[in-house]
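This report concerns only the one structure given below.
The values are calculated or read from the model by the stated rules, or taken from the named source; none is laboratory data. Everything quoted here is computed from the prediction, not taken from an experiment. Backbone-built Cβ (ideal geometry, glycine too); neighbour counts: all protein chains shown.
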Amino acid sequence: MSRRVFVVLGTLGVVLVILCVLSLCVGSVPVPVAELPAILTHPGQADTWHQVIWSIRLPRMLAAGLLGGALALSGLLLQVLFDNPIAGPFVLGVSSGAKLCVAALLVSAAAATQAVASWMTVGAAFVGALGAMALVLAVSRHTDSASVLVVAGVMIGYVCNAATDLLVTFASDANVVNLRNWSLGSFSGSSWGEVGVSCAVSVVGLACAMALSKPMGAYLLGEAYAQSVGVSVRGFRVATVLLASLLAACVTAVAGPISFVGIAVPHIARRLLATTRPLVLVPASFLAGSVFCLVCDLMARSAFAPTEVSVSTITALFGAPVVVWVLLGRRGREEVSAS
């Protein structure tokens, strides 16, 4: 690996640690940095600082870091799969499909007065994400236009969002009505059970993506080349769809749909590394996604305190300009090549 790769990955790691400390210490109840080691190494105390860190901020910080990395990784996989720079779980309707199935599960559970475990919401979100992905894949088989594929994904997202709104509107249980807040996207209220599921899915997803990095690199050079070096293109596509859907589903189940992270962060990682090699781009995207979401979550709860805005609002403010920059850069390259 080049020196630049080590510098970028090391810098992202240092920034991630700093943001984790800030996420734990900054808030309506300030916690001194000097007290943080003692608080983290002695859980179960009854004082205010311990309660704030262990019950609220630590699970929220871990959820933001893990799920931010998972969402960026999902976006990277989808961009490779569709060869589309603005492919992402939010744009292609994958997050909306996951949200619809989670809403249906929670409404059904509320009607039957049954508790819903974290793994059940992730499972429901996975089914919804796969359903939306199947529709996008069906469209992709009938068109080579990236813009048509994106429009189809947006339309699928609108349909799923409309169905979700109908479910929430006619739900009588107050807890289910709170789905409106969840559907805006937020890491607030993350439980330790959800953090455990997020950790398992994110770590396994990262390991699987690293294992796919070699066939991913071959696939980027074209299907014919990938087949010539022994890559099963069909198997690679199936594995990529399942992995990207699972990662996006976990994020949606825990935090709701988070916009633009899956699109913008992989491009930021590519620019920082100045390479498209999946072997280094996969861990860099994961780290950059964690950093991006921790920054946005910190701003969401601190910038307008005591009012908290949805994290998806902040990610859109930072992510949308990156998408515009990518589109303008691609159009410029196409004009140069055409001339």
>> I'm told Val80 meets every condition in (1) within 21 Å of Leu298 (Cβ to Cβ); (2) crowded, with 18+ Cβ neighbours inside 10 Å except one. Can you identify the failing condition by its number?
In response: (1)
>> Condition (residue is surrounded by fewer than 19 Cβ atoms within 10 Å (Cβ to Cβ), modelled with pLDDT of 75 or more, under 23 Å from Ser302 (Cβ atoms) and within 19 Å of the chain's Cα centre (by Cα)) applied to region 147-154: is it met by at least one residue?
In response: no
> Among the residues of region 46-85, which ones are outside any helix (DSSP H, G or I) and not acidic (Asp, Glu)?
Replying inline: Ala46, Asn84, Pro85
> Among the residues of region 46-67, which ones are of a type in the set (Val, Ile, Thr) and buried (at least 18 other Cβ atoms within 10 Å of the Cβ)?
Replying inline: Val52, Ile53
>> For the list (1) closer than 25 Å to Val195 by Cα; (2) in contact (Cβ under 8 Å) with a residue 60 or more places away in the chain; (3) touching a Leu at 6+ places or on another chain (Cβ under 8 Å); (4) of a type in the set (A, V, I, L, M), I need the number of the one condition that Met120 fails.
In response: (2)
> Filter region 1-45 for residues that are assigned to a helix (DSSP H, G or I) and polar (S, T, N, Q); which is farthest from the chain's Cα centre (by Cα)?
Replying inline: Thr41
> Does Ala70 satisfy the criteria of being within 22 Å of Arg271 (Cβ to Cβ), at pLDDT 95 or above and of a type in the set (Gly, Ala, Ser)?
Replying inline: yes
> Among Val21, Val17, which is exposed (fewer than 13 other Cβ atoms within 10 Å of the Cβ), at pLDDT 95 or above and not charged (D, E, K, R)?
Replying inline: Val17
>> Going by what's in this entry, would Val231 be described as without any contact (Cβ under 8 Å) to a residue 40 or more places away in the chain and outside any helix (DSSP H, G or I)?
In response: yes
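Per-residue answers, yes or no, for (1) among the charged types (D, E, K, R); (2) at pLDDT below 80; (3) surrounded by fewer than 19 Cβ atoms within 10 Å (Cβ to Cβ); (4) in a helix (DSSP H, G or I):
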| residue | (1), (2), (3), (4) |
| --- | --- |
| Ser108 | no, no, yes, yes |
| Val116 | no, yes, yes, no |
| Ala134 | no, no, yes, yes |
| Leu137 | no, no, yes, yes |
| Val159 | no, no, yes, yes |
| Asp165 | yes, no, yes, yes |
> Among the residues of region 208-224, how many are free of Cβ contacts under 8 Å to residues at least 24 places away in the same chain and surrounded by 13 or more Cβ atoms within 10 Å (Cβ to Cβ)?
Replying inline: 4
> Only one of (1) closer than 27 Å to Val29 by Cβ; (2) among the charged types (D, E, K, R); (3) in a helix (DSSP H, G or I) fails for Glu308. Which number is that?
Replying inline: (3)
